[in-house]
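J.: Handing you this structure, nothing more for now.
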Amino acid sequence: QVQLVESGGGLVQPGGALRLSCAASGNIFSIYVMNWYRQAPGKQRELVARITRGGSTTYADSVKGRFTISRDNSKNTVYLQMNSLKPEDTAVYYCNADLRVEIVAPRADYWGQGTQVTVSS
């Protein structure tokens, strides 16, 4: 059983910062890609940032220069440092991992339960 648990969400004023964490636990052979998605009320879920096992990163245009994704492979954990937050960053943020539970198992996607980020004065 694989679990992804996010933490670090909350209420912050515009211009502020938050750091999200997502720890994967359970029967894990290897984690390949780790992603942060977000979903605002009435909108589709969108990819915010992606990081490969080797550390290559991709960002949505809307967060480039403000958000930084990183990971600690020894802890099966991914982070999202969010700076210069704007009201439009308000959403539920979800962690996603592309991983293999055993060497012979196929790769599969797993999701966390989500953490609320609210940017408001």
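The values are calculated or read from the model by the stated rules, or taken from the named source; none is laboratory data. In this text the structure is predicted, and so the values were computed from the model without any measurement. Methodologically, a virtual Cβ is constructed for each residue, glycine included, from the backbone with ideal geometry; neighbour enumeration extends over all protein chains shown. These accessible areas exclude ligands, DNA and RNA; they are computed on the full protein's heavy atoms, side chains included. Shrake-Rupley method; radii C 1.70, N 1.55, O 1.52, S 1.80 Å.
J.: State whether the residues of region 83-93 include one that is hydrophobic (A, V, I, L, M, F, W, C), touching a strand residue (DSSP E or B) at 6+ places or on another chain (Cβ under 7 Å), assigned to a loop (DSSP other than H, G, I, E, B) and surrounded by 13 or more Cβ atoms within 10 Å (Cβ to Cβ).
T.: Yes, some residue in region 83-93 is hydrophobic (A, V, I, L, M, F, W, C), touching a strand residue (DSSP E or B) at 6+ places or on another chain (Cβ under 7 Å), assigned to a loop (DSSP other than H, G, I, E, B) and surrounded by 13 or more Cβ atoms within 10 Å (Cβ to Cβ).
J.: Next question. Which residues, taken from region 16-36, are open to solvent by less than 60 Å² (accessible area, probe 1.4 Å) and in a loop (DSSP other than H, G, I, E, B)?
T.: 16, 17, 28
J.: Something else: Of the residues in region 51-64, how many are under 17 Å from residue 16 (Cα atoms), exposed (fewer than 14 other Cβ atoms within 10 Å of the Cβ) and touching a residue at least 12 places away in the same chain (Cβ under 8 Å)?
T.: 1
J.: Let me ask you something else. Condition first: part of a strand (DSSP E or B), more than 26 Å from residue 121 (Cα to Cα) and among the aliphatic types (A, V, I, L, M). Can you find one or more residues in region 64-73 that meet it?
T.: Scanning region 64-73, I find no residue that is part of a strand (DSSP E or B), more than 26 Å from residue 121 (Cα to Cα) and among the aliphatic types (A, V, I, L, M), so the answer is no.
J.: Okay, moving on. Looking at 74, 121, can you tell me which residue is open to solvent by 30 Å² or more (accessible area, probe 1.4 Å), touching a residue at least 12 places away in the same chain (Cβ under 8 Å) and either β-branched (Val, Ile, Thr) or out of contact with any His (no Cβ under 6 Å at 6 or more places or on another chain) (or both)?
T.: After applying the criteria, what remains is 121.
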